[in-house]
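Below is one structure; the comments refer to it alone.
The values are calculated or read from the model by the stated rules, or taken from the named source; none is laboratory data. As the structure is a prediction and not an experimental result, all values here were calculated from the model. Methodologically, a virtual Cβ is constructed for each residue, glycine included, from the backbone with ideal geometry; neighbour enumeration extends over all protein chains shown. The accessibility values were calculated without ligands, DNA or RNA, using every heavy atom of the protein model including side chains. Shrake-Rupley method; radii C 1.70, N 1.55, O 1.52, S 1.80 Å.
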Amino acid sequence: MAANPSTSTSPAPTKDRPNMLYKTWHVHAVNGLSNNKILLIHCKSKDNDLGERNLTAGNEFEWKFKTNLFGTTLFWCFWASRSDHVHAKFNVFLDNEDLFYRCNWKHCIWIAKDNGLYIRNIPENYDEYRYPWESGIGSLANFTIV
């Protein structure tokens, strides 16, 4: 399941596309779950598997990369809270100007909360609800998003 992160009506000023080739992006996966719950994450792209991580409450995993020449860079993740028996599969980075705006053209900060997944809307200074949790813990084996 891949949801489109361009559903909000926030303004999305465009940046100079040629500079996008040289820009370093950072993606942050933050465990904002309550009661010291552990967040399991597994993120990857077509070329990079970042492996499984168990994040304790309040901690984060961050990675950085440069976009490809064709503007097709895509990272997706599987996140799960085993204690709550919920999971989600979603795109955390793709070529999308609304997403770029929320990330302030540098840092995409995704936060797991008890009621769903949020992206930090940096320019407007709030956590924006993006995706619900799905019931069950799902499966890490062969997860893909198209």
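Miscellaneous remarks
- Count of segment 17-70 residues which are among the small types (Gly, Ala, Ser) and within 20 Å of Phe90 (Cβ to Cβ): 4
- Evaluation of Gly71 against (1) at pLDDT below 95; (2) out of contact with any helix residue (DSSP H, G or I) (no Cβ under 8 Å at 6 or more places or on another chain); (3) not β-branched (Val, Ile, Thr) (one fails), failing number: (2)
- If you go through segment 70-104 and keep only what is open to solvent by 20 Å² or more (accessible area, probe 1.4 Å) and in a helix (DSSP H, G or I), you end up with Glu97, Asp98, Tyr101.
- All positions within segment 35-69 that are open to solvent by 40 Å² or more (accessible area, probe 1.4 Å) and touching a residue at least 60 places away in the same chain (Cβ under 8 Å): Glu52
- Annotation for segment 117-135: at least one member residue is in contact with a Cys (Cβ under 9 Å, 6 or more places away or on another chain), open to solvent by 50 Å² or more (accessible area, probe 1.4 Å) and closer than 18 Å to Lys23 by Cα.
- Positions within segment 97-131 being free of Cβ contacts under 8 Å to residues at least 12 places away in the same chain and in contact with a strand residue (DSSP E or B) (Cβ under 9 Å, 6 or more places away or on another chain), in sequence order: Tyr126
- For segment 75-98, the candidate set comprises residues that are under 10 Å from the mean Cα position of the chain (by Cα) and of a type in the set (A, V, I, L, M); within that set, the residue that is farthest from Lys37 (Cα to Cα) is Leu94.
- Applying the set (1) under 18 Å from Val30 (Cα atoms); (2) touching a residue at least 24 places away in the same chain (Cβ under 8 Å) to Leu94 leaves exactly one unmet item: (1).
- Hits in segment 51-73 (condition: under 20 Å from Glu97 (Cβ atoms) and β-branched (Val, Ile, Thr)): Thr67, Thr72, Thr73
- Every condition in (1) open to solvent by less than 40 Å² (accessible area, probe 1.4 Å); (2) at pLDDT 95 or above holds for Ser10 except the one numbered (2).
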